[in-house]
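Bear in mind that the values in this text are calculations on the coordinates, not laboratory data. Bear in mind the structure is a predicted one, so any value in this text is a computation, not a measurement. Here Cβ is always computed from backbone atoms with ideal geometry, including for glycine, and neighbour counts include all displayed protein chains.
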Amino acid sequence: MPDNATPATSSRPSPELDELLIDCEADDEQVQQQPVVLKRPWLLLLGLILVALNLRPALSSMAPLLSDVSQSLGLSAAQAGLLTTLPVLCLGLFAPLAPVLARRFGSERVVLGILVMLAAGIALRSSLGSVGLFAGSILAGASIGVIGVLLPGIVKRDFAQQAGTMTGVYTMALCLGAAMAAGATVPLSEHLGDSWAMGLGFWLLPALVAALFWLPQAKQGHGAHQVAYRVRGLFRDPLAWQVTLYMGLQSSLAYIVFGWLPSILISRGLTATEAGLVLSGSVIVQLASSLTAPWLATRGRDQRPAILIVMLLTLAGLFGCLYAPIEGLWGWAVVLGLGQGATFSLALTLIVLRSRDSHVAANLSGMAQGIGYTLASMGPFAVGIVHDMTGGWDALGWIFGVIGVGAIVAGLGAGRALYVRVESEKV
């Protein structure tokens, strides 16, 4: 057993679904001690669902139209790869900013402001040509990165007694938003004057609607707090890096699918609408495995068997969509969805299982998301580079294989029943 880690004894209860929601303000003593009384919980619930619905459309709406956008603006495959990379890169680069903003202004107010920023980014990428396209993608990715860190903490804080159910609602909203955008963007663009700009720009409307329903929460937000705990030494812990690498590498495959799968399928003979529907269907399937995989993975001695199985499912689905006969495409899309839904939820589970307390979990979550999503952004960019160099898609199997094997190796290390060897301390 390595010196950097200590065993996670069997006396520790297995995490239920509610523990997968990591509060970015968990280091705040006032937040923990402050009782939460919700005046209109139904309005908060509606607002949370609407906000969560907007955390994926800006990412999944681009993929079905990527070929049209590239042809319209004269983008090379490498530039198209950069276009799919930038939002994911911003998820990682701007995630660490979320706790800072939350402590300064309060999570609810920050979510409202960032929702407006997200709508602005979506509008910008639909105007001003290639400059607006790239600038808007950066702004949208940064917005999603900040909200994605803040929202789970609000859910866990305000629905502490129903957090398990709310985790399912939160996951469903994420998957539904991604699936809706993947399947509806091409038909919307055709209906709105056969314009890819209108199809992409449509998704600013749900963001503005979410901001409207979130406004009451911002007015009665909990405000800013003072930090009461800190965690040191996480970046020197090998186990923490294994968790981070697993998060990043499995996310890299996920964002390759978001960014490139429709283009791959179009090259295999599908229409843009059909390719978008396949991506949409695969994302919807993720809901089932994302809800069940953490529960199943925590029934055994450790998570290594579960990680191996779901990564093999993911790779099988990817290779099937790339190489298998097109007649069986929907079957491979289902396999891919089952694998990728489980890999993401297991990545969240590992953050909880490898941490001794909520303070360590909050910091490990920030490390895994910040560095992990930055690493994940390299996958879509590599796909664009390889496609530009080879003029086709066949060589992508090597990218899938290298990333997948790396995720398995990191996951087998992170899946051991150990704790990261750091502790939280009051300041």
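Which order, highest average first, do 67-77, 110-120 follow once you tally other Cβ atoms within 10 Å for each residue and take the mean per peptide?
The most tightly packed comes first, giving 110-120, 67-77.
Based on the alpha carbon coordinates of region 340-413, what radius of gyration and maximum Cα-Cα distance (Dmax) apply, in Å?
15.4, 50
List the relative contact order of region 5-426 as a percent without decimals, with contacts defined as Cα pairs under 8 Å and 6+ residues apart.
Taking the mean separation of contacting Cα pairs over the length of region 5-426, I get 29 percent.
Distance between the C-alpha centers of region 62-138 and region 252-279? Whole Å please.
Their Cα centres are 20 Å away from one another.
Indicate the gyration tensor shape class of region 241-397 (rounded, prolate or oblate), computed on the Cα atoms with a ≥ b ≥ c the square roots of the eigenvalues: a/c under 1.5 is rounded; otherwise a/b larger than b/c is prolate and the rest oblate. Each step should come with its number before you reach the end.
Values: a/c = 2.48, a/b = 1.63, b/c = 1.52.
The shape class here is prolate.
Amide H of TYR419 versus every other amide H placed in the peptide plane: which residues, excluding those fewer than 5 positions away on the same chain, fall under 5 Å?
Residues meeting the criterion, in which the H sits 1.01 Å from N, are THR6, ALA8.
Roughly how many nanometres apart are two label points built 7 Å out from the Cα toward the Cβ at ALA135 and ARG104?
Those two pseudo-labels are separated by 2.2 nm.
Mind sorting MET198, MET389 by how few other Cβ atoms lie within 10 Å of their own Cβ, fewest first?
MET389, MET198
Could you point to the residue in ALA333, ALA382, LEU44 farthest towards the positive end of region 5-426's charge dipole, with +1 and -1 charges on the Cβ of Lys/Arg and Asp/Glu respectively?
LEU44
Determine which residues of region 387-426 fall in the zone a paramagnetic label at ARG268 would reach in this model, i.e. backbone nitrogen under 16 Å from the point 7 Å along Cα→Cβ.
Counting only backbone N, you get 392-401.
How high is the FRET efficiency between GLU327 and LEU205 when r is their beta carbon distance and R₀ equals 35 Å, given to the nearest 0.05?
The value I calculate is 0.40.
Which one, VAL310, ALA254, ALA362, is farthest towards the positive end of the dipole of region 5-426 when Lys and Arg carry +1 and Asp and Glu -1 on their Cβ?
Projecting each Cα onto the dipole axis, the largest value belongs to ALA362.
How many angstrom lie between the Cα centre of region 336-390 and the Cα centre of region 39-60?
With region 336-390 and region 39-60 each reduced to a Cα centre, they are spaced 22 Å.
Using the count of nearby Cβ atoms within 10 Å as a rough guide to exposure, how do MET247, MET378 rank from fewest to most?
The fewest-first ordering by Cβ neighbours comes to MET378, MET247.
With a/c under 1.5 counting as rounded, go ahead and sort region 265-335 into rounded, prolate or oblate using the C-alpha gyration tensor (a ≥ b ≥ c being the square roots of the eigenvalues; past the cut-off, prolate if a/b is larger than b/c, else oblate). Mind showing how you got there, number by number?
On the way: a/c = 4.19, a/b = 2.14, b/c = 1.96.
Prolate shape, in that a/c is at least 1.5 and a/b is the bigger ratio.
Decide, for region 5-426, between rounded, prolate and oblate: order the square roots of the alpha carbon gyration tensor eigenvalues as a ≥ b ≥ c, take rounded if a/c falls under 1.5, and otherwise choose prolate if a/b is larger than b/c, else oblate.
oblate
Show me, for region 82-94, the HN-Hα J-couplings you get by feeding each phi into the Karplus relation (A = 6.51, B = -1.76, C = 1.60, θ = phi - 60°), rounded to Hz, glycine and proline as x.
5, 5, 7, 7, 4, x, 5, 4, 5, 4, x, 5, 9
Run the quick spin-label model on MET389 and SER72: label points 7 Å from Cα toward the beta carbon, then report their separation in nm to one decimal.
3.1
Sort TRP398, TRP393, TRP295, TRP332 so the one with the fewest other Cβ atoms within 10 Å of its own Cβ comes first.
By the 10 Å Cβ count, ascending, the order reads TRP398, TRP295, TRP393, TRP332.
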